[in-house]
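A short worksheet on the structure shown next.
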Amino acid sequence: MTGELSPIDKAKFVAAKRAVDFVEDGMKVGLGTGSTAAWMVRCLGERVREEGLRIKGVPTSARTAMLAREVGIDVISLDQARWLDVTIDGADEFDGEFNLIKGGGGALLQEKIVATASDRMIVITDASKEVETLGAFPLPVEVIPFGWQTSKALLEELLISLDVMGRETTLRMNGAVAYVTDEGNHILDLHLNRIGNARQLAMALNQIPGVVENGLFMDICDTVVIGYGDGRVETR
Ligand code: 5RP
């Protein structure tokens, strides 16, 4: 499954492999999105095929759903599952309290809904994603296409009123056209540098008309599994 991996892919792989040890027979599992989560889906698929592990997987994107089916995981919707035992997903940044920035891969809305509907959320990551203060990674905010420029202007006003350091907001593009999420929305990336009060910002962002969700995951993740390029793994 792995072949010769670069140190970064090795770090992602070993974190993913360790995290799937938390999955037990009969569990309903939220399946994250992104390159690290893709390793986790492959590792889970291996357990399904080789150990006969019986699980139901709830994917957080069309891409993950396709991969999960390919590797033999029984895929169901969140509405069928209602509540999940665990969600395993990647992150773009995590801090010392396990608060996260997610959405670099554009799937933050389904990811947040699925993680919130789980008994626990395990983040799998390489060490480069650890930060003291969230915000160096651009914060993704999902907005509906209708009037997105108005939402962007309101968002910029909010950043000024909260005295956030960086205030540039950019529409995420897919080549020459605006990026479209699985839910048919657009993403505004907020280049903030440093988020002093992430809790306040997360709540304020979702008050803006047109904003569907933001990529700050506060108090959702309880475990972080960090992989290293030399094959070491640390669980916190
Ligand atoms: C997708 C996400 C991803 O989990 C995040 O972007 C990390 O991705 P990767 O594992 O590829 O670095 O939030 O919306």
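Coordinate-derived values only; no laboratory data. Just so it is clear, the structure is predicted and the values come from calculations on it, not from any experiment. Quick reminder, even Gly has a Cβ in these numbers, built from the backbone with ideal geometry, and neighbours come from all protein chains shown.
Could the peptides 79-85, 201-207 be put in order, highest first, of the mean number of other beta-carbon atoms found within 10 Å of their residues?
The packing order, highest mean first, is 201-207, 79-85.
When only Cα pairs under 8 Å and 6 or more residues apart are kept, what is the percent relative contact order across the stretch 132-236? Intermediate results must be reported in sequence, preceding the final value.
Values: 160 pairs, mean separation 37.0, N = 105.
For the stretch 132-236, the relative contact order is 35 percent.
Quick one: Cα convex hull volume of the stretch 1-62, Å³ per residue? Display every interim value, and only then the final one.
Numbers: hull volume 5.0 nm³, N = 62.
So the per-residue Cα hull volume is 81 Å³.
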Taking a straight Cα-to-Cα line shorter than 20 Å from residue 152, and setting aside same-chain lysines fewer than 8 residues away, one finds 102
Note to self, the chain gives a 222 nm [θ] from helices alone (DSSP H runs n ≥ 4, -39500 (n - 2.57) apiece, / all residues, nearest 500) of -9500 deg cm²/dmol
Please list, in order, the residues from the stretch 48-91 whose amide nitrogen is less than 18 Å from a point placed 7 Å along the Cα→Cβ vector of residue 119. 53-58, 81-89
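Report the Rg/Rh value for the stretch 117-236, based on alpha-carbon coordinates and the Kirkwood definition of Rh. Can you show the working numbers first?
Values: Rg = 16.0 Å, Rh = 15.8 Å.
Value, to two decimals: 1.01.
With an 8 Å cut-off on Cα pairs and a minimum separation of 6 or more residues, tell me the relative contact order of the stretch 77-192 in percent. Intermediate values should be presented prior to the final figure.
Values: 174 pairs, mean separation 31.2, N = 116.
After rounding, I find 27 percent.
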The stretch 1-63, relative contact order [Cα under 8 Å, separation at least 6], %: 39 percent
Förster radius 41 Å - calculated FRET efficiency between residue 22 and residue 150, Cβ distance, rounded to 0.05: 0.40
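Give, in nm to one decimal, the length gained when the segment between residue 230 and residue 54 is fully stretched (0.36 nm per residue of separation minus the Cα-Cα distance). Write out the running numbers ahead of the final one.
Working: separation 176, 0.36 × 176 = 63.36 nm, distance 3.16 nm.
Result for the pair: 60.2 nm of gain on full extension.
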Do any of 28/112; 56/129; 12/129 go past 20 Å between their Cα atoms, and which? 56/129
Say each of residue 157 and residue 194 gets a label point 7 Å from the Cα, pointing the same way as Cα to Cβ; how far apart are those two points in nm? 2.8 nm
